[in-house]
Amino acid sequence: MDNKSVESGASTNRNQEKKESSAIVNAIPLVVKNYFGTIVKDDGNFIEAQCDLCKPSKKTIRGQYKAPSNFTKHIKVNYY
C-alpha cells in the first residue's frame, strides 16, 4: 500500500466518526419521543413538537436538543 491510500482511509474513518457523533448530539430527547408525537419543526438546534397529552387542542412547545427543559417543564406543570 502506498501512503496516499493509507491517508485517505484514515480521513474516511474520521469523517464517519464526525457523522456518528453529530447524530448522537442531535438525537431527539426522550421526553419528546415519549410525550410529543408530532414534530412540527426541526432546524438542527431547536425542535417544535405538539404535546400528545393536551386535549382537545395539542399545544406546540419549542425547545433545544441539548436542553429539553421546556418540554419537561410543560409535562410536570400540566400533568404531574
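What the table shows:
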{"item": "Residue 77 being touching a strand residue (DSSP E or B) at 6+ places or on another chain (Cβ under 6 Å), of a type in the set (A, V, I, L, M) and more than 12 Å from residue 28 (Cβ to Cβ)", "result": "no"}
{"item": "Count of residues meeting criterion [of a type outside the set (Phe, Trp, Tyr) and touching a residue at least 24 places away in the same chain (Cβ under 8 Å)] in the stretch 52-68", "result": "6"}
{"item": "In the stretch 34-47, the residues that are in contact (Cβ under 8 Å) with a residue 12 or more places away in the chain, surrounded by 11 or more Cβ atoms within 10 Å (Cβ to Cβ) and under 11 Å from the mean Cα position of the chain (by Cα)", "result": "46, 47"}
{"item": "Cβ pairs under 6 Å, 6+ apart, first in the stretch 22-33 and at pLDDT 80 or above, second surrounded by 13 or more Cβ atoms within 10 Å (Cβ to Cβ) and part of a loop (DSSP other than H, G, I, E, B)", "result": "29/68; 31/68"}
{"item": "Verdict on residue 17 being modelled with pLDDT of 90 or more and of a type in the set (Asp, Glu)", "result": "no"}
{"item": "Per-region count, the stretch 62-74, residues surrounded by fewer than 17 Cβ atoms within 10 Å (Cβ to Cβ) and among the hydrophobic types (A, V, I, L, M, F, W, C)", "result": "1"}
{"item": "Test for residue 7: is it over 30 Å from residue 60 (Cα atoms) and either at pLDDT below 90 or β-branched (Val, Ile, Thr) (or both)", "result": "yes"}
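The values are calculated or read from the model by the stated rules, or taken from the named source; none is laboratory data. Just so we're clear, the structure is a prediction, and the values are computed from it rather than from any experiment. Glycine also receives a Cβ, built like all others from the backbone with ideal geometry; neighbour counts cover every protein chain displayed.
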